[in-house]
Amino acid sequence: MPKSTTLAWQTKLTTALRQDPKKTGVLGVLVLIFLTVSARMMIGVSPPAPAAGSLVTPVNAAPPVFVPSPVSKPGGAGTSLRGWLSTPIPSISRNDFLVKSDYFPANTAKKSEAAPQSGFWITLEKSLSLQADQKEKRESQIANLKQQGAALRLTSTVMGSSPRAMVNGVLVGVGESVESFRVVRIEPRGIVVERDGIQLAIPME
């Protein structure tokens with residue numbers, strides 16, 4: 001390498017080291033470590049010997065013990081087991097699921113009378129039932145009154161300030177009664193009678 005090039009390289013290195021002292025310190029430490037490792041390799045320090053293991057035979061070790069398997073003797077447990085298996089199964093003389101009524105006597109005490117039912121739905125049911133009964137009674141009453149009203153015979157009417165009607169041969173006016181019917185209105189061709197709040201129209205014959 002030319003001397004001028006070496007001087008230029010050294011000048012650049014010196015300038016760079018002076019500009020950044022921190023890098024200079026790190027570089028110095030690395031150089032020192034490199035020199036130390038190189039010196040140890042050159043001196044030839046032998047590495048530590050690897051650990052070696054050896055088998056050690058235990059002293060006074062107890063010999064293994066083997067337990068012989070039992071040999072079935074004639075007339076032993078095996079024979080008894082085979083004899084028990086060959087014995088027929090006895091029949092069962094009792095029923096474990098049978099419940100004896102003697103252990104559970106019936107309750108003979110009289111049950112208390114049930115409390116009267118109450119509530120919205122019970123009241124509604126009673127109300128609807130009552131309404132149905134009243135409707136049926138009303139329809140029966142109307143049919144009865146119609147049958148009785150059919151016996152009324154309107155033969156003539158006299159219109160005017162005080163109209164009159166001839167019913168079953170009796171001359172009646174508004175508000176008067178005939179055959180337990182009250183005359184409500186008199187018209188030219190018929191009258192209207194009333195009883196128990198039920199009005200009937202009687203046409204002229």
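Coordinate-derived values only; no laboratory data. These numbers come from a predicted model, not from an experiment. Reconstructed Cβ throughout: ideal geometry from the backbone, glycine too, with neighbour counts over all protein chains shown.
Observations
- FRET E, pair residue 125, residue 152, Förster distance 41 Å, beta-carbon r, rounded to 0.05: 0.50
- In sequence order, region 127-143 has phi-based couplings of 5, 5, 5, 5, 5, 5, 5, 5, 5, 5, 5, 5, 5, 5, 5, 5, 4 Hz under the Karplus curve 6.51 cos²θ - 1.76 cosθ + 1.60, θ = phi - 60°, and Gly or Pro positions carry x.
- Measuring nothing but how far apart in sequence close Cα pairs (under 8 Å, 6+ apart) lie, relative to its length, region 140-203 scores a relative contact order of 25 percent.
- Taking label positions 7 Å along the Cα-Cβ direction at both residue 135 and residue 179, the computed distance is 3.1 nm, reported to one decimal.
- Amide H contacts for residue 176 (H built 1.01 Å from N in the peptide plane; partners 5 or more residues away or on another chain; cut-off under 5 Å): 183.
- Amide H within-cut-off set for residue 187, under 5 Å, with H built and near neighbours excluded: 192
- Integer Hz, Karplus 6.51/-1.76/1.60 couplings in order for region 158-169, x for Gly and Pro: 10, 8, x, 5, 10, x, 10, 9, 9, 10, 6, x
- Evaluating 6.51 cos²θ - 1.76 cosθ + 1.60 at θ = phi - 60° for every residue in region 29-43, the Karplus couplings come out as 5, 4, 5, 5, 5, 4, 5, 5, 5, 5, 5, 5, 5, 6, 5 Hz, glycine and proline recorded as x.
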